[in-house]
Structure formats: C-alpha cells, structure tokens
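J.: For reference, the structure I am asking about is given below.
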Amino acid sequence: MRYQVVVLDEEIGSGFTIDEISLQGHPAGDHSAEFSTVKIYMGLCASDQLGSTFDDNYIDGTRMLVYEASTATFAAETDQWSAIALDDQYIYDPSQGNLIVEITWEFSIDHKSFYVRSWDTGTIRAVASTQAGAPSQPTGSLSSALPRLMLTGTAQGSLETLTFGAVKSAPWE
C-alpha cells in the first residue's frame with residue numbers, strides 16, 4: 001500500500017517540528033493490525049491538491065524518510081489515537097509549501113485491516129495505491145477523503161485549531 005495526503009499550510013499555521021504522527025481509530029474493522037516494511041515520508045507540496053503520480057506531488061528534493069520499520073503495529077480503540085514516533089524529526093516551514101505525509105507498507109502480516117476516522121475535504125488531497133507492489137507503484141487513485149491525522153511536536157508559533165465536521169472511515173489494509 002502507498003498512501004499520500006497533503007496537509008495545507010493554513011491548517012498547521014506556523015513552523016512546526018514534527019516528532020510523531022497519530023491516526024484516529026474507527027469502530028469498524030480490527031483495533032490492531034501489524035504491517036510489514038512500513039515507511040513514512042514527509043515533504044513539501046506546492047499545490048493544495050494532489051495528482052495521481054506520487055513523486056510529482058513533492059517539491060523536488062524535499063521528500064524525506066522519517067520512519068522505517070520491518071514491522072509496525074497500528075492499534076487504537078474507537079476514537080483513540082494510534083501514535084508512531086518518528087525516527088527523525090521533520091521540520092516543517094509553511095512558507096515553503098504544504099506538508100505531504102506518505103505512508104507505505106508491503107502487506108498486513110496478520111491479514112487484518114485497521115480502519116481510521118476520516119473526513120471529506122471537498123478537494124483531491126489524497127492518493128492511494130493498493131496494487132501488488134504498491135510501495136513502488138508510481139501512480140494511485142485520487143480521493144477527497146483524508147484520515148484524521150494528528151501531528152505532535154514543537155511549534156515555532158501558534159498552531160491553528162481546526163474542527164472537521166465530516167467523520168467517515170478509510171481502511172488500512
């Protein structure tokens with residue numbers, strides 16, 4: 001699986017050193033699933049929307065590997081957060097572009113799905129590939145649904161507080 005989202009600079013609001021990302025658990029599916037060869041990348045995007053070619057969404061030279069594990073477990077009860085501490089902090093500067101968060105994994109070790117809360121942004125801000133060999137697939141399917149994602153770290157200024165009205169589910173298989 002290869003899954004990429006764009007978080008708009010105005011949603012973050014200031015420079016931010018990101019130490020951890022979290023996804024909010026959904027009542028459907030399993031509350032825990034283990035995945036093989038998990039990688040998380042962060043980088044910058046010049047647009048508010050994503051195209052179907054993963055690498056083209058990044059501003060050249062900004063894609064950075066911030067987490068890598070041979071296996072990783074995502075686990076959260078309904079509405080709780082599943083957190084992953086990054087191996088390397090990502091220093092985000094909103095004046096340089098929007099933030100891309102990309103998660104890749106080979107397969108679910110236990111054949112389970114981890115569903116997360118999501119919301120409809122109204123614009124194309126996610127691209128995903130579920131094909132065999134997905135982490136190396138150059139393109140994916142576009143979506144306006146974004147997972148409920150929490151970024152944890154240290155802000156250089158005040159962060160924006162956002163409330164999302166639409167909560168839906170998206171599978172992580």
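J.: Can you pull out the residues in the stretch 52-72 that are hydroxyl-bearing (Ser, Thr, Tyr), in a strand (DSSP E or B) and within 15 Å of the chain's Cα centre (by Cα)?
T.: 67
J.: Among residues belonging to the stretch 105-146 that are among the aliphatic types (A, V, I, L, M) and outside any strand (DSSP E or B), point out the one that is farthest from residue 47 (Cα to Cα).
T.: Among those that are among the aliphatic types (A, V, I, L, M) and outside any strand (DSSP E or B), it is 109.
J.: Turning to a different aspect of this structure: Within the stretch 96-108, how many residues turn out to be of a type in the set (Gly, Ala, Ser) and modelled with pLDDT under 95?
T.: Of the residues in that region, 1 qualify.
J.: Here is a further query. So residue 84 fits all but one of (1) outside any loop (DSSP other than H, G, I, E, B); (2) over 15 Å from the mean Cα position of the chain (by Cα); what number is the exception?
T.: Result: residue 84 passes all but (2).
J.: Something else about it: List pairs: first residue in the stretch 44-68 and farther than 15 Å from residue 135 by Cβ, second residue of a type in the set (Lys, Arg) anywhere in the structure, Cβ distance under 8 angstrom, at least six positions apart or on different chains.
T.: Taking only residues 6 or more apart or on different chains, the pairs are 48/125; 49/125; 50/125.
J.: Residues that are modelled with pLDDT of 95 or more, over 18 Å from residue 142 (Cα atoms) and surrounded by fewer than 18 Cβ atoms within 10 Å (Cβ to Cβ): does the stretch 48-59 have at least one? Steps first, answer last, please.
T.: The first filter runs over the stretch 48-59 and keeps only residues modelled with pLDDT of 95 or more, leaving 48-59.
Going one step further and asking which of them are over 18 Å from residue 142 (Cα atoms), we end up with 59.
Imposing the further condition that a residue be surrounded by fewer than 18 Cβ atoms within 10 Å (Cβ to Cβ) reduces the set to 59.
Yes.
J.: Could you check the stretch 82-98 and list, in sequence order, the residues that are in contact with a Phe, Trp or Tyr (Cβ under 8 Å, 6 or more places away or on another chain), buried (at least 16 other Cβ atoms within 10 Å of the Cβ) and closer than 15 Å to residue 22 by Cα?
T.: Of everything in the stretch 82-98, those that are in contact with a Phe, Trp or Tyr (Cβ under 8 Å, 6 or more places away or on another chain), buried (at least 16 other Cβ atoms within 10 Å of the Cβ) and closer than 15 Å to residue 22 by Cα turn out to be 82, 84, 86.
J.: Still on this structure, I have one more. Scan the stretch 46-71 residue by residue and report those that are closer than 19 Å to residue 153 by Cβ and of a type in the set (A, V, I, L, M, F, W, C).
T.: Result: 64, 65, 66.
The values are calculated or read from the model by the stated rules, or taken from the named source; none is laboratory data. Worth saying up front: this structure is predicted, and the values here are computed from it rather than measured. Here the Cβ is made from the backbone with ideal geometry for all residues, glycine too, and neighbour counts use every protein chain on show.
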